[in-house]
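Comments concern the structure below.
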Amino acid sequence: MQKGSCHCGRIAFEVDGDVSQALECNCSHCSRKGYLLWFVPRANLRITSSTDSLSTYKFNKHVISHHFCAHCGCAPFGFGASPTGEETAAVNVRCLETVDLNALTRIPYDGRSV
Ligand SMILES: [Zn+2]
């Protein structure tokens, strides 16, 4: 189990699973935010804080809700559906407490060309 939060701590969460790799997408949105994404079933992520500061950004086809903290601006996770229709959470591993970013396998994803 991993714990994560935004910078100011108003958004806190727990995720079940082991992080060994993260997707690094080069699209206009992910590259600007510096996302390193780890995909898990939505049920594996529990928000343990209030959601009062949870803001949402949607773009393109509006299929993914990119959540961020309205106070500090960090974007710890987003919710959407997998290609097969399962509810999925995309966790920004940069917002997890104990992940060694240098030990992760980074999977490049060419979102810019999709
Ligand atoms: Zn915050």
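Numbers at a glance
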item: Selection within the range 2-27 - among the small types (G, A, S) and part of a loop (DSSP other than H, G, I, E, B); result: G9, G17, S20
item: Any pair with Cβ under 6 angstrom, 6 or more apart, that starts in the range 4-15 at a residue that is farther than 14 Å from F68 by Cβ and ends at one that is of a type in the set (K, R) and more than 9 Å from the ligand (Cβ to nearest atom); result: E14/K3; E14/R46
item: Some residue of the range 28-47 being of a type in the set (S, T, N, Q), in a loop (DSSP other than H, G, I, E, B) and either at pLDDT below 95 or within 14 Å of the ligand (Cβ to nearest atom) (or both); result: no
item: Residue count for the range 48-82, restricted to those that are of a type outside the set (S, T, Y) and under 19 Å from Q21 (Cα atoms); result: 5
item: Contacts under 6 angstrom Cβ, first residue in the range 30-45 being closer than 14 Å to F13 by Cα and touching a residue at least 24 places away in the same chain (Cβ under 8 Å), partner assigned to a strand (DSSP E or B) and of a type in the set (S, T, N, Q), 6 or more apart; result: R42/T88
item: Residue under evaluation T84, criteria (1) among the β-branched types (V, I, T); (2) more than 17 Å from V15 (Cα to Cα); (3) surrounded by 13 or more Cβ atoms within 10 Å (Cβ to Cβ), criterion not met; result: (3)
item: Hey, F77 in contact (Cβ under 8 Å) with a residue 40 or more places away in the chain, touching a helix residue (DSSP H, G or I) at 6+ places or on another chain (Cβ under 8 Å) and surrounded by 12 or more Cβ atoms within 10 Å (Cβ to Cβ) or not; result: yes
item: Sole exception among (1) away from the ligand (no atom under 16 Å from the Cβ); (2) touching a His at 6+ places or on another chain (Cβ under 7 Å) for Q2, by number; result: (2)
item: Residue list for the range 48-82, filter: part of a strand (DSSP E or B) and near the ligand (Cβ under 9 Å from one of its atoms); result: F68, C69
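Matching residues to (1) under 10 Å from the mean Cα position of the chain (by Cα); (2) closer than 16 Å to C25 by Cα; (3) among the basic types (K, R):
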| residue | (1), (2), (3) |
| --- | --- |
| R42 | no, no, yes |
| S49 | no, no, no |
| V63 | no, no, no |
| H66 | yes, yes, no |
| D110 | no, yes, no |
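The values are calculated or read from the model by the stated rules, or taken from the named source; none is laboratory data. Since we're looking at a predicted model, the values are computed, not measured. So basically every Cβ, Gly included, is an ideal-geometry build from the backbone, and we count neighbours across all protein chains shown.
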